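The block underneath contains the structure these notes are about, expressed in C-alpha cells.
Nothing in this text is a laboratory measurement; each read-out follows from the coordinates by a stated rule. Small disclaimer: the values here were computed from a predicted structure and weren't measured. Cβ: placed from backbone, ideal geometry, glycine included. Neighbour counts: every protein chain shown.
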C-alpha cells in the first residue's frame with residue numbers, strides 16, 4: 001500500500017511539474033506577444049488550483065505582479081486593486097512559512113509602487129515604505145535582482161524634487177540585469193528578463209542616450225526576435241529618433 005501511495009504522489013508531482021512548466025511557457029508567450037488575455041487565463045487557472053506548494057505560489061505572485069502593472073498602464077485600476085489584494089494574500093501566506101523573504105520584500109515594494117501609480121497623492125505618505133522594502137530585500141539577499149529592480153523603479157518615477165533620477169534608476173536596473181544574468185535559468189524564456197531589458201531601453205531613450213538604448217534593444221531582440229514591445233514599438237521608436245538627430 002505504501003508503495004502504491006508513493007507512486008501516486010510521484011505521478012501527482014510529475015503532473016504538477018508539467019502543469020507549471022506549461023504555465024511558464026504560456027506566460028512567456030503571452031508576454032512576448034502582448035496577449036494579456038492568455039496571461040489572465042493562466043492566472044485564473046492557477047488561482048483555482050488547490051494545494052499550491054510555496055514555489056508555485058511565488059510563481060503566481062510573479063504573474064500577478066506583471067498583470068497588475070499592465071492593468072495600471074491600461075487604466076484598469078479597479079482590476080489592478082483586486083489583484084493587488086490577491087498578491088498581498090499570497091505574500092502573507094509565504095511570509096508565514098518564512099519562504100523567500102528577500103523576494104517577498106521586493107514584491108511588497110512593488111505593490112506600494114502600484115498603489116502610488118493608481119493614486120499618486122499617496123506618494124508622500126507611502127513612498128518611503130516602498131524604498132524601505134526594496135532596501136530590506138537587498139539587505140536579506142545582496143543578490144536580489146528584483147530588489148535592485150524595484151529601487152530602479154523608485155528612482156525612475158520619483159520626482160526630481162524628491163531625489164528622483166533616471167540616471168540613478170538605470171544604474172539599479174543594470175545591476176539587476178547583471179545579477180539575473182549570473183544564472184542561465186533567469187535568462188532563458190523568462191518574461192522578467194525581457195521586461196528588464198525593455199525597461200532599460202525605454203530609460204535610455206528618455207535620457208536621449210540612443211547608442212546605449214540600441215545596445216540593449218539589439219540584445220533583447222537577439223534573446224527573443226519576436227518580442228513585440230521591442231520589435232514593434234521601442235526599436236522603431238529608437239530608429240526614428242536616431243534618424244532625426
Practice problem: Evaluate the stretch 158-178: report whether one residue or more is in contact (Cβ under 8 Å) with a residue 60 or more places away in the chain, surrounded by fewer than 20 Cβ atoms within 10 Å (Cβ to Cβ) and closer than 25 Å to residue 27 by Cα. | Solution: no
Quiz item: Within the bounds of the stretch 180-197, is there any residue that is farther than 21 Å from residue 61 by Cβ, free of Cβ contacts under 8 Å to residues at least 60 places away in the same chain and crowded, with 20+ Cβ neighbours inside 10 Å?
Solution: yes
Practice problem: Name every residue in the stretch 84-100 that is in contact (Cβ under 8 Å) with a residue 40 or more places away in the chain and either on the phi < 0 side of the Ramachandran plot or in a helix (DSSP H, G or I) (or both), in order of residue number. | Solution: 94, 97, 99
Quiz item: Is one or more of the residues making up the stretch 111-134 touching a residue at least 24 places away in the same chain (Cβ under 8 Å), surrounded by 15 or more Cβ atoms within 10 Å (Cβ to Cβ), in contact with a helix residue (DSSP H, G or I) (Cβ under 8 Å, 6 or more places away or on another chain) and not in a helix (DSSP H, G or I)?
Solution: no
Exercise. Go through the stretch 135-163 residue by residue and tally those that are out of contact with any helix residue (DSSP H, G or I) (no Cβ under 6 Å at 6 or more places or on another chain) and over 19 Å from residue 80 (Cβ atoms).
Key: 9
Quiz item: Just wondering, is there one or more residues in the stretch 220-235 that are over 23 Å from residue 61 (Cα atoms), exposed (fewer than 13 other Cβ atoms within 10 Å of the Cβ), over 15 Å from the mean Cα position of the chain (by Cα) and in contact (Cβ under 8 Å) with a residue 12 or more places away in the chain?
Solution: yes
Self-check item: Residue list for the stretch 55-72, filter: over 13 Å from residue 117 (Cβ atoms) and without any contact (Cβ under 8 Å) to a residue 24 or more places away in the chain
Solution: 55
Self-check item: residue 213 vs. criteria more than 20 Å from residue 145 (Cα to Cα), out of contact with any strand residue (DSSP E or B) (no Cβ under 9 Å at 6 or more places or on another chain) and either in a loop (DSSP other than H, G, I, E, B) or in contact (Cβ under 8 Å) with a residue 24 or more places away in the chain (or both)
Solution: yes
